[in-house]
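Data block below; observations after.
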Amino acid sequence: MAFFSSTTWILISFVFFTAMVAVISSWKTRGEDLESAEGYFLAGRGLPGIVIAGSLLLTNLSAEQLVGLNGQSWKSNMGPIAWEVGSMFTLLVLAYYFLPRYLKMGAMTIPSLMEVRYGKSTKTMFSAVIVIMYSILNLPVILYSGAVVFEQIFGISDMMGVSKFQAVAVLCVIIGIIGGCYAIFGGLKAVAVSDTINGIGLIIGGLMVPFIGFAVLAKQTGGSGIIDGIRYIVEADPAKMNAVNAWNAPEPEVPWPLIITGMFFNNLYWWCTNQSFVQRSLAAKSLKEGQKGAIFCGFLKCLGPLYLVIPGIIAFYLPSIQNALAAAGDQAIDFAYPALIAEIIPKPVMGFFAAVMFGAILSSFNSVLNSASTMFTLDLYRSAIDPSASDVKCVKIGKVYGTIAGCISIIIAPFVMNASGITTFLNSMSQFVSLPVLCTILGVFMFKRLPAYTPKIITAVHVVCYGAFLLLKPCYPGSSNPIHYLYAMAVLFPVELVIMWALNKFRPAEEYVLKDVGAVDLTPWKYRHVVSIIGLVVAVAIYIVFSPIGIAAN
């Protein structure tokens with residue numbers, strides 16, 4: 001009876017917090033313009049900075065990231081903070097360099113910028129590739145990874161008396177339908193508002209995990225209280241607290257040169273040119289609000305290690321978790337975070353935590369679905385199929401496509417369980433398009449006389465070279481450890497920029513000039529410099545703390 005009461009309370013509190021987000025999002029978007037393309041796909045260009053910051057954070061955060069980064073820190077050390085703290089630098093690039101130009105051009109999608117500069121064929125090429133990738137790869141994996149997290153943490157299959165496959169299938173349907181409702185019927189404004197609310201819950205729930213974990217660790221190792229738990233992980237093995245790894249460190253460790261090269265270039269793509277991320281910034285009511293959102297998100301990313309990395313370290317030292325993971329073998333890296341949550345979160349707040357996790361999963365799903373609908377409608381349908389389509393028709397097409405893509409992803413998602421290494425495959429595939437997209441957009445801003453065929457040359461060079469790297473799997477000198485794939489990004493990015501420079505100089509086309517279409521007020525944020533400097537200091541300080549000259553000193 002006690003178990004039933006506990007389970008019932010978890011379910012009630014989960015439903016309450018999840019429904020509260022839906023009600024608030026619905027209330028905040030009442031009366032919004034959802035008939036025009038700009039109103040539906042870009043929230044009428046009316047998002048304030050705080051909403052942009054929260055939506056950017058939640059778009060980036062997924063169940064796969066919660067499990068993956070904590071699993072990496074469990075297996076290695078504090079190195080995975082590079083994915084979080086390093087984002088501060090690229091978000092500042094978004095605020096200072098990319099966003100003013102995007103808003104000046106009145107961009108609605110990244111591929112639309114490509115058409116202005118390089119022609120319709122380039123836009124169609126990239127749009128088709130990205131929409132397909134979003135629809136049949138990203139969305140199913142997001143659904144599957146989220147469903148697996150809930151299954152592992154909450155034991156849905158045991159609770160319902162069904163197989164794991166059936167439990168995952170049910171969870172995929174639930175997540176897909178709810179996420180689809182936000183993206184399809186509410187447009188970007190509903191997605192962004194729900195992201196912001198879920199972001200607040202995530203910060204509360206996420207920060208709750210390490211502090212409870214420290215207290216549990218202290219209790220299991222003979223101490224008491226949070227301070228004893230912190231002292232234990234700092235003193236047990238200083239190398240475990242190190243975030244600055246050797247240049248030839250094996251995966252999942254992040255070699256230190258990549259922090260300022262390959263990872264930085266990779267993050268430039270995600271934060272500055274990836275449609276599902278950038279769309280939030282394109283919807284800013286002004287440049288000032290867009291810059292606030294990007295910079296504030298940088299601060300939120302600096303908090304990321306507390307709930308995306310440190311819990312993995314805690315799980316490594318908890319005797320009860322070590323025993324539970326001992327039998328998991330190679331899959332233990334994916335079980336570390338779910339096992340920690342199941343072990344330490346008190347039953348009275350498990351419902352709230354479940355709602356926070358659900359919100360993070362929903363955010364990734366509905367953000368990608370909204371972006372896929374936007375690009376399909378504006379960059380493929382209106383451009384190549386029906387150029388005369390009205391805004392009202394485009395919105396209807398976007399909803400229809402969103403519904404179809406959502407249904408397909410729900411059908412595919414459970415069967416990801418039968419695939420091997422689908423997440424690794426997905427991440428590898430994203431690198432095939434990351435630098436070509438980034439270089440193509442940089443070409444719009446950096447070079448005035450690039451020929452229209454430049455993106456096709458860059459894409460061909462990148463695909464051949466990166467594909468060869470993956471096939472050959474070169475190792476570090478004198479080692480059997482494969483070279484980190486981000487080293488390929490570190491080499492290819494400057495090579496591709498040099499190719500663009502050469503084409504601009506020796507095969508110049510007609511000069512291109514950026515035009516201000518008057519979409520929004522382009523007055524920059526007055527305090528951007530001061531706040532950005534503080535952000536840089538915070539990011540550098542975090543690295544100093546988790547380094548051999550900080551708490552990782554021998």
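The values are calculated or read from the model by the stated rules, or taken from the named source; none is laboratory data. The structure presented is a predicted model; accordingly, all values stated were derived computationally and were not measured. No Cβ is skipped: glycine too gets one built from the backbone with ideal geometry, and neighbour counts run over all protein chains shown. These accessible areas exclude ligands, DNA and RNA; they are computed on the full protein's heavy atoms, side chains included. Shrake-Rupley method; radii C 1.70, N 1.55, O 1.52, S 1.80 Å.
Structure data summary
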read-out: Meets criteria (within 19 Å of Tyr543 (Cβ to Cβ), among the small types (Gly, Ala, Ser), in contact with a helix residue (DSSP H, G or I) (Cβ under 7 Å, 6 or more places away or on another chain) and open to solvent by less than 10 Å² (accessible area, probe 1.4 Å)) for Gly213; value: no
read-out: Members of segment 524-538 that are open to solvent by 80 Å² or more (accessible area, probe 1.4 Å) and touching a residue at least 12 places away in the same chain (Cβ under 8 Å); value: Lys526
read-out: Number of the condition not met by Asn323 [criteria: (1) out of contact with any Phe, Trp or Tyr (no Cβ under 7 Å at 6 or more places or on another chain); (2) within 24 Å of Ile12 (Cβ to Cβ); (3) surrounded by fewer than 23 Cβ atoms within 10 Å (Cβ to Cβ)]; value: (2)
read-out: Single match in Ala490, Ala541, Ala519 (criterion: touching a residue at least 40 places away in the same chain (Cβ under 8 Å) and more than 20 Å from Tyr96 (Cα to Cα)); value: Ala490
read-out: Every residue from segment 138-158 that is within 16 Å of Ala336 (Cβ to Cβ) and either buried (at least 23 other Cβ atoms within 10 Å of the Cβ) or touching a residue at least 60 places away in the same chain (Cβ under 8 Å) (or both); value: Ser145, Val148, Val149, Gln152, Ile153
read-out: Verdict on Leu57 being modelled with pLDDT of 70 or more, touching a Cys at 6+ places or on another chain (Cβ under 9 Å) and not polar (S, T, N, Q); value: yes
read-out: Residues of segment 61-85 that turn out to be open to solvent by 10 Å² or more (accessible area, probe 1.4 Å) and of a type outside the set (S, T, N, Q), as a count; value: 7
read-out: The listed residue being under 27 Å from Glu64 (Cα atoms) and hydrophobic (A, V, I, L, M, F, W, C), out of Ala389, Ala372, Ala384; value: Ala372
read-out: Only listed residue being surrounded by fewer than 19 Cβ atoms within 10 Å (Cβ to Cβ), in a helix (DSSP H, G or I), over 25 Å from the mean Cα position of the chain (by Cα) and not aromatic (Phe, Trp, Tyr), chosen from Lys456, Lys515, Lys448; value: Lys456
read-out: All positions within segment 518-554 that are of a type in the set (S, T, N, Q) and in a loop (DSSP other than H, G, I, E, B); value: Thr523, Ser547, Asn554
read-out: Failed item in (1) over 24 Å from the mean Cα position of the chain (by Cα); (2) among the polar types (S, T, N, Q); (3) open to solvent by less than 40 Å² (accessible area, probe 1.4 Å), with Asn481 passing the rest; value: (3)
read-out: Wholly enclosed helices (runs of 4 or more DSSP H) of segment 262-350 bearing at least 1 residues under 22 Å from Gly79 (Cα atoms); value: 262-268, 287-308, 310-317, 319-326, 332-344
read-out: Qualifying residue in segment 428-444 (condition: open to solvent by 10 Å² or more (accessible area, probe 1.4 Å), part of a loop (DSSP other than H, G, I, E, B), without any contact (Cβ under 8 Å) to a residue 60 or more places away in the chain and among the aromatic types (Phe, Trp, Tyr)); value: no
read-out: Which numbered condition Glu511 misses (of (1) under 27 Å from Gly293 (Cα atoms); (2) in contact (Cβ under 8 Å) with a residue 60 or more places away in the chain); value: (1)
read-out: Tally of residues being open to solvent by 30 Å² or more (accessible area, probe 1.4 Å), over 16 Å from Gln275 (Cβ atoms) and not acidic (Asp, Glu) across segment 370-397; value: 9
read-out: Odd one out for Leu492 among (1) among the hydrophobic types (A, V, I, L, M, F, W, C); (2) open to solvent by less than 40 Å² (accessible area, probe 1.4 Å); (3) not in a helix (DSSP H, G or I); value: (3)
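Yes/no per residue for (1) in contact with a strand residue (DSSP E or B) (Cβ under 7 Å, 6 or more places away or on another chain); (2) touching a residue at least 60 places away in the same chain (Cβ under 8 Å); (3) open to solvent by 10 Å² or more (accessible area, probe 1.4 Å); (4) under 30 Å from Arg528 (Cα atoms):
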| residue | (1), (2), (3), (4) |
| --- | --- |
| Tyr96 | no, yes, yes, yes |
| Pro100 | no, yes, yes, yes |
| Lys104 | no, yes, yes, yes |
| Met108 | no, yes, yes, yes |
| Leu113 | no, yes, no, yes |
| Val116 | no, yes, yes, yes |
| Gly119 | no, yes, yes, no |
| Ser127 | no, yes, no, no |
| Met133 | no, yes, yes, no |
